[in-house]
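Take a look at the structure below.
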Amino acid sequence: MAPRDTQTIKKEESSIEKYEQDGDAAKEIARYLPYFPFKGIPRFYDIGGFLDEPAVFQRIVDIFVARYESIGIDRVAGLDARGFVLGPPIALALKKPFIMMRKHGKMPNTISSDGYKCEYGNRQGLTVQRDRIKEGDRVLIIDDLVATGGTLGSAISLVKMLGGKVVECACVVELKMFIDPSEESGLPSRTKLFTELKHEDVPVWGLISEDVLTNEAALPEGYVDDGEEH
């Protein structure tokens, strides 16, 4: 890729700064992200809320496109499974290829990252097809939410294994409580994990944080937490 000139770099910075975390647009979208007690988690944020509102979903896609259209993305990678909902419309708008990063046993001709821990427990590593990322490719990773960073860390490892560079990890929701919690809290630290994985050079951005996610779902009578994992 050819070096970018000063004007291009300034345009990139302007695009990235256009939408701030928890800004006016984020607060409006947060109204459509209810939380439920689910999978043993008191606040499970449900993207089904904004998927039911096409104008809100489009607004999210537009915000992500505005942030990344000028920074030299070669490919967009989405994480199994909600990244498959968000990633393709963003990739189409950016006119870039979309890559699936999937669980084990779902695709042929793959490589795998190591297993990892997330807020739900232990996981096998993610997989990606070997020919989807080329040496030097600039990859944008998309998912719905980042908490402990285990899944994103696994995805970043895949990109690096194939010689690519992760430009940024972008999520609709970022739970800031996991960025660098105190030892006393007992919470896992995303900063510590990324340092251990040598991913501290990779930025993570979320449009909305838990600070403005205050829409508690109205639970129907007889609601049961029927999540598969607790």
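The values are calculated or read from the model by the stated rules, or taken from the named source; none is laboratory data. Small disclaimer: the values here were computed from a predicted structure and weren't measured. SASA here: full protein model, heavy atoms, side chains in, ligands and nucleic acids out. Shrake-Rupley method; radii C 1.70, N 1.55, O 1.52, S 1.80 Å.
Taking a probe of 1.4 Å, how large is the accessible area per residue of the stretch 82-230, in Å²?
51 Å²
So, in Å, what gap is there between the alpha-carbon centers of the stretch 101-174 and the stretch 29-73?
Taking the Cα centre of the stretch 29-73 as reference, the centre of the stretch 101-174 is 20 Å away.
With every protein chain present, what is the per residue accessible area of the stretch 22-61 (1.4 Å probe, Å²)? Intermediate results must be reported in sequence, preceding the final value.
On the way: 2020 Å² over 40 residues.
Result: 51 Å² per residue.
Just want to confirm a number: the relative contact order over the chain, from Cα pairs under 8 angstrom separated by 6+ residues, in percent.
Computed value for the chain: 22 percent relative contact order.
Heavy atoms only, probe 1.4 Å: what % of the accessible area of the stretch 139-194 goes to carbon and sulfur, would you let me know?
The computed percentage sits at 56.
Given a cut-off of under 8 Å on Cα pairs at least six residues apart, what relative contact order in percent is computed for the stretch 20-148?
Taking the mean separation of contacting Cα pairs over the length of the stretch 20-148, I get 21 percent.
Taking θ as phi - 60°, what are the ³J(HN,Hα) couplings along the stretch 85-97 by the Karplus curve (6.51, -1.76, 1.60), each to the nearest whole Hz, with x for Gly and Pro?
Karplus values, whole Hz, x for Gly and Pro: 7, 7, x, x, x, 5, 4, 4, 5, 7, 6, 10, x.
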